[in-house]
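Since the structure comes first, as structure tokens, the remarks are kept for the end.
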Amino acid sequence: MNWESWEAFWAMGGYGLYVWGSFGMTLLCVVGELWLLRRHRLQTWQRLKRLKSWDSQ
Amino acid sequence: MNLYYYASPSTFYPLAGRLIPWFAALALVLTAAGLYISFFVAPTDFQQGEGYRIIFIHVPAAWMSMFIYVVMAFWSAIGLAWNTRLSFVMARALAPTGAMFTFVALWTGAFWGKPMWGAWWVWDARLTSELILFFLYVGVMALQAAIDDPRRSDRAGALLNLVGVINVPIIYFSVKWWNTLHQGSSVNLTRAPSMAHIMLWGMLIMALAAWMYAIAVALVRARSLILERERQTDWVRALLEAKS
């Protein structure tokens with residue numbers, strides 16, 4: 001185990017800003033991409049359904 | 001198994017759908033294991049203290065940024081040569097993920113450079129060529145988005161992909177060709193890695209997690225693109241029928 005306490009863990013030996021700034025931005029990017037992906041998928045389905053309803057009219 | 005069988009969008013679509021949960025699950029498990037090693041197993045570095053832990057994101061992201069570009073250029077070349085629909089879809093599906101990893105590599109590089117070099121950014125050969133890679137990804141996506149006709153859009157993007165691939169070896173060898181600030185690689189194929197084994201393992205597991213993530217995400221995106229493009233076909237109509 002590397003850490004004596006949670007405070008020590010978050011402080012990262014004085015490099016907290018840099019370590020958490022890196023890991024945090026990566027998390028943000030991944031979550032953002034997954035969100036966009038889901039939106040793209042839903043929009044595609046909706047568009048296809050709309051086109052289909054026009055077809056059948 | 002006949003690979004050509006799965007080169008058709010109508011057979012690839014359900015196959016990708018079955019594969020995605022597996023890649024996603026692997027990505028999750030590997031990320032959990034990789035993060036555990038990154039923070040709780042790997043020891044403090046004797047020179048950089050805890051600051052070095054950025055390596056577990058930075059190096060895998062930088063590897064992915066280059067690798068995804070090469071794969072994208074590969075599919076572009078196949079698409080241009082044989083005019084296969086699925087190749088262009090794959091090339092297009094990879095671009096946003098590649099751009100994301102390039103951005104992460106640049107960002108974490110800045111957050112590592114500041115405490116260790118004293119600067120967020122320098123116009124070093126490695127950093128500059130990686131920035132160009134980011135512009136290439138964004139350029140390909142912008143070019144494809146700007147052309148309405150999907151066939152012309154595919155071809156224009158594929159051409160830019162192929163021209164841009166020259167940048168990848170430049171990035172890779174930049175630390176050898178130009179003796180600037182960015183350090184050389186700690187891991188390569190010809191000699192033993194110049195780092196502790198557990199650090200190396202952490203990095204490799206994180207890289208594998210990034211691979212699995214990239215595959216899962218690209219497959220999801222490819223499926224949406226396929227639906228859009230094949231909407232006039234019977235199988236997509238049947239799929240819509242089944243869904244509603």
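Picking from residues in segment B:166-183 that are free of Cβ contacts under 8 Å to residues at least 12 places away in the same chain and not aromatic (Phe, Trp, Tyr), the one that is farthest from residue B:74 (Cα to Cα) is B:179. Check whether at least one residue in segment B:45-64 is under 26 Å from residue B:203 (Cα atoms) and of a type in the set (Lys, Arg), and report yes or no. Yes; the residues of segment B:45-64 include at least one that is under 26 Å from residue B:203 (Cα atoms) and of a type in the set (Lys, Arg).
Within the bounds of segment A:36-50, is there any residue that is surrounded by 11 or more Cβ atoms within 10 Å (Cβ to Cβ), over 27 Å from the mean Cα position of the chain (by Cα) and more than 30 Å from residue B:46 (Cβ to Cβ)? Yes - at least one qualifying residue is present in segment A:36-50. Within segment B:93-143, the set of residues being within 12 Å of chain A (Cβ to nearest Cβ), assigned to a helix (DSSP H, G or I), aromatic (Phe, Trp, Tyr) and free of Cβ contacts under 8 Å to residues at least 60 places away in the same chain comprises B:103, B:107, B:111. Among the numbered conditions (1) crowded, with 18+ Cβ neighbours inside 10 Å; (2) in contact with a strand residue (DSSP E or B) (Cβ under 9 Å, 6 or more places away or on another chain), the only one that residue B:196 does not meet is (1).
The set of residues in segment A:13-28 that are facing another protein chain (nearest Cβ under 7 Å) and of a type in the set (A, V, I, L, M, F, W, C) comprises A:19, A:23, A:25. Among the residues making up segment B:134-176, those that are more than 21 Å from residue B:98 (Cα to Cα) and out of contact with any helix residue (DSSP H, G or I) (no Cβ under 7 Å at 6 or more places or on another chain) are B:148, B:149, B:151, B:152, B:176. Cβ separations smaller than 9 Å between residues 6+ apart or across chains give the following pairs from segment B:45-65 residues that are free of Cβ contacts under 8 Å to residues at least 24 places away in the same chain and facing another protein chain (nearest Cβ under 7 Å) to residues that are assigned to a helix (DSSP H, G or I) and aromatic (Phe, Trp, Tyr): B:53/A:23; B:53/B:39.
Of the residues screened, residue A:5 is one that is surrounded by fewer than 17 Cβ atoms within 10 Å (Cβ to Cβ), among the polar types (S, T, N, Q) and free of Cβ contacts under 8 Å to residues at least 24 places away in the same chain.
The set of residues from segment A:29-41 being over 15 Å from residue B:210 (Cα atoms) and more than 9 Å from every other protein chain (Cβ to nearest Cβ) comprises A:35, A:39.
Scanning segment B:65-79 for residues that are within 14 Å of residue B:157 (Cα to Cα) and touching an Asp or Glu at 6+ places or on another chain (Cβ under 8 Å) turns up just one, B:79.
Could you identify the single residue in B:40, B:46 that is surrounded by fewer than 14 Cβ atoms within 10 Å (Cβ to Cβ), within 17 Å of residue B:183 (Cβ to Cβ) and not charged (D, E, K, R)?
B:46
Just so you know, in segment B:66-92 the residues that are within 14 Å of another protein chain (Cβ to nearest Cβ) and of a type in the set (A, V, I, L, M) include one that is nearest to residue A:25 (Cα to Cα), and it is B:68.
None of the figures in this text is laboratory data; all of them are computed from the coordinates on show. Only a predicted model underlies this, so the values are computations on that prediction, with no experimental measurement involved. Note that we place each Cβ from the backbone using ideal geometry, even for glycine, and neighbour counts take in every protein chain shown.
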